[in-house]
Amino acid sequence: MTSTRIVIKDDQQFERLEAVRERHGVNWRGMLIKGAEQLEAGGVLPSGDECLGEDG
């Protein structure tokens, strides 16, 4: 089995991602797959830090 390690910048960023994951009822793998599907379907996302809600 292949694995991927994701380093999350800080606790605030982790809490935000965890809340999204829980709200949609997916595990981390499911959240990554759904995000990839959205991008492949032409989903428009902000770029860079804007996507993570950071001030720069």
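The values are calculated or read from the model by the stated rules, or taken from the named source; none is laboratory data. None of these values were measured; they are calculated from a predicted model. A quick note on method: Cβ atoms are made from the backbone with ideal geometry, for glycine too, and the neighbour counts reach across all protein chains shown. Side chains are part of the model used for accessible areas, which takes the heavy atoms of the whole protein and leaves out ligands, DNA and RNA. Shrake-Rupley method; radii C 1.70, N 1.55, O 1.52, S 1.80 Å.
Within the group Q38, Q12, which residue is modelled with pLDDT of 95 or more and out of contact with any Asp or Glu (no Cβ under 8 Å at 6 or more places or on another chain)? Among Q38, Q12, only Q12 is modelled with pLDDT of 95 or more and out of contact with any Asp or Glu (no Cβ under 8 Å at 6 or more places or on another chain).
Filter segment 41-56 down to residues that are acidic (D, E) and either under 19 Å from V7 (Cβ atoms) or modelled with pLDDT of 90 or more (or both) and give me whichever is least open to solvent (accessible area, probe 1.4 Å). Per the stated criteria, the residue is E54.
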